[in-house]
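Every number here is computed from the coordinates shown, using simple stated rules; none is lab data. Only a predicted model underlies this, so the values are computations on that prediction, with no experimental measurement involved. All Cβ positions, even for glycine, are placed from backbone atoms using ideal geometry, and neighbour counts span all protein chains on display.
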Ligand SMILES: [Zn+2]
């Protein structure tokens with residue numbers, strides 16, 4: 001009944017990933033990464049997480065806004081080439097400047113960011129970035145790292161003993177924690193820059209101008225400079241500038 005427990009086959013796959021086969025190369029990023037979370041388990045957790053999010057932050061009751069976001073997302077999804085995922089785009093009723101994606105392809109875009117972004121190109125650049133997180137398998141990678149750290153001993157013992165039931169709850173708990181972290185905590189800097197690069201690739205493939213992403217981030221930085229903020233947020237500002245420089249380099253790179 002436990003939706004997040006490893007099957008015996010999954011455990012053997014984990015052994016292979018950790019001990020024998022090592023990491024696999026991600027097609028979207030060209031980077032080797034440690035991933036031993038099953039896509040089915042990830043989808044189950046993502047569905048559950050989505051339900052929890054929309055229970056707290058409901059979708060905006062504006063069919064035109066929802067249709068617009070879906071229309072902007074469609075060519076980027078096509079460019080992504082992951083028809084196996086259940087892509088959806090939902091404007092959520094929050095004034096925050098935020099957007100997120102779950103590994104099952106559900107994108108949540110907060111009303112505040114939608115209003116600030118204004119034009120389709122800016123919204124597309126955020127959507128491309130979010131799809132980039134999925135193609136780069138960042139959730140799966142982070143969850144795998146979580147499991148490796150938190151339940152590493154348990155998995156190692158389990159692999160030796162082959163007594164799957166004994167550690168099932170422990171592994172399930174680690175997976176659950178990873179799923180929650182995947183939405184609530186910001187991604188690592190490495191993952192953010194990688195999602196920016198994949199997003200630029202997707203915009204190009206979809207026949208869109210990736211300079212829209214640069215213009216959007218320039219506006220975001222200007223806004224941060226003009227907004228009264230506590231010192232700790234100001235101290236993170238140079239990071240935004242570095243991110244913009246990396247984004248500009250990705251856009252300047254030949255396709
Ligand atoms: Zn991101």
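Among rounded, prolate and oblate, which fits the range 77-119 when a ≥ b ≥ c are the square roots of the eigenvalues of its C-alpha gyration tensor, a/c under 1.5 means rounded, and a/b larger than b/c means prolate?
Prolate shape, in that a/c is at least 1.5 and a/b is the bigger ratio.
How do 44, 29 line up, fewest other C-beta atoms within 10 Å first?
44, 29
Tell me the Kirkwood hydrodynamic radius of the range 26-90 in angstroms, computed as one over the mean inverse distance between distinct C-alpha pairs.
Result for the range 26-90 stands at 14.4 Å.
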